[in-house]
1. Between residue 485 and residue 156, how high is the FRET efficiency from 1/(1 + (r/R0)^6) when r is the Cβ-Cβ distance and R₀ = 60 Å? Nearest 0.05.
2. Residues with beta-carbon under 12 Å from that of residue 346, excluding residue 346: net charge, scoring Lys, Arg +1 and Asp, Glu -1?
3. Could you order peptides 384-397, 179-192, 431-444 by the average number of other Cβ atoms within 10 Å of their residues, highest first?
4. Can you compute the modelled spin-label distance between residue 436 and residue 541, with each label point 7 Å from Cα toward Cβ, in nm?
5. In which sequence would 125, 110 go, from the one with the fewest C-beta neighbours within 10 Å to the one with the most?
6. Only residues of region 331-369 count here: report those whose backbone N is under 19 Å from the spot 7 Å along Cα→Cβ of residue 245, or say none.
7. Between residue 422 and residue 166, what is the label-point separation in nm under the 7 Å Cα-to-beta-carbon projection?
8. Which value results when the Cα radius of gyration for region 470-553 is divided by 2.2 N^0.38 Å?
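FYI, it's all coordinate maths here, none of it is from the lab. Predicted model only: the values in this text are computed from it and were never measured. Don't worry about glycine lacking a Cβ; one is built from the backbone with ideal geometry, like all the others, and counts go over all protein chains shown.
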Amino acid sequence: MSEVRKNRFGRKIDFGVVRTFSLKSKPGGSSGNGMGVSPVSSRLTKAGALDETHGRDTRAAMHILPFIAALACLLMAGCAVGPDFKRPAAPAVGDYTGQPLVTTVTSTNVAGGEAQHFAKGGEIVGDWWTLFHSKPLNELIELSLTNNPNLMAAQAALSVARENVLAQRGAFFPSVTGSFSATRQKQPETLAPVPSSNAFQYNLFTPQVSVSYAPDVFGANRRSMESLKAQEQGVRFQMIATYTTLTANVVVTAIEEAAVQAQINATCQLIDLNSNMVEILRYQLTKGYASRLDVVAQESQLAQVIATLPPLLKQSAQLRDLLAVLAGRFPNQAAADKFELSSLQLPEEIPVSLPSQLVAQRPDVLQAEANLHAASAQIGIAIANRLPNITLTADAGSTALSIDKVFSSGTGFWGLGAAAMAPLFEGGTLLHQERAAKAAYVQAAEQYRSTILSAFQNVADTLTALQQDAEGLKAAANAADDAQETLDLSQRQWHDGYIGYLALLSAEQADQQARINLVQAQANRYADTAALIQALGGGWWHRADLTKDKNEN
């Protein structure tokens, strides 16, 4: 009977006749197959195939093998149906923003106030975080790259994808299986015995080797390999995106922690200042130089400043916990050292990749391109599933009544077969699967286009942000200087009795807000610098550990 199976593409494969070997006796005793043969072997014997010795059977099979190999090579030379993928061209865009890039303004006597120059077409280094010249930051990132579980999981996913590609390679080779069966059986005495010895009870030993091969006539296997390779590349770029995101998150989180710490320091100074003012006013109240209203107003100001401290402390603790987790540690294992904005150096030379280079650098764009490639290959697989499938089979072995006679002369048998199978009616299943594959390609193409647009928007936004950050820092620095000078003058005038206490409170509030705004403006310049480098791809192509397997398989 025929044995029908489905291959990994859902195609039905007819493996031809499943031969069942049994022993039947021959009238008159033994013959050339004295050890007993199957019905198929008997038919071959009648054709003159098994009346030769076991050695001549082997030589006959060896003469046919070159023919089978030549036929297999001819079938493999068939075309691969479906579209051949072509990498999309880079967008014909000359700049990221509508305005030319210019050097940012300078803010003197303030950390992070250096002017930044944008080097168009410049190369981003692989360890771009070293541009901030912070040893603790460098050590933290190296620790994160070693211990971060998300990055390690992404690397494991890449290994899975690579092994799937290697597993698919097996479809290009024949499948060879070996078997050995040993049975003992008894024939009814009312029937003629099968063995030539006329025994009704006997043993049967059959070692056999079977070979099956499905030539890739229409390229289903090749398209499957192409799809899996594209999926592997997609997983690779997803891992690189995880790496890029990790390094950027560590840098930005460290900057945020330093900014929050600076705000905590400024708030503590304001608390000390206001506490001192409360003590002075309370003393003056006892001497009659200040009113109760002045004391209550200053105490209210002190309480408001103190109220801003707990949220800052909470945010600082959360950021430190986040840094510990990014480094693959538990929160209670966070480093004791704290980051400070003054310990970071703002990069003054910022490389800006050309728009034509961005699509070849951003891991999310490359991942979307790999998804598009995989979708293209799936169309070919769907088309090949609608076409005929050919399977070649061969088997050879020996059958004997005793184990020591297994490879004796005259016990061997062999068989060759070929089967072709084509879907005739599937209720429209294969047709709609092909249409679905084509629709999935259109979907992947639009997602690729959307990813490119988002990438260019990301770069444009960060370039604009850096320009405005410089302007904002300059304004914040000037405002902080003016607020400090106003507070100093107000304290002197209030001490000399030229202004009321409400004017002094207003100067204190303005100085507090100006300090916080300055710290936030400084942090914005550092954080947006890191964000720009991440938006441009993060320089991963200069790291050997990320590119050494780029073209593997």
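1. FRET efficiency, residue 485 to residue 156: 0.55.
2. -4
3. Per-residue mean Cβ counts within 10 Å order the peptides as 384-397, 431-444, 179-192.
4. 3.7
5. By the 10 Å Cβ count, ascending, the order reads 125, 110.
6. Label zone hits: 361-369.
7. With each label placed 7 Å out from Cα toward Cβ, I get 3.9 nm.
8. The value comes to 1.99.
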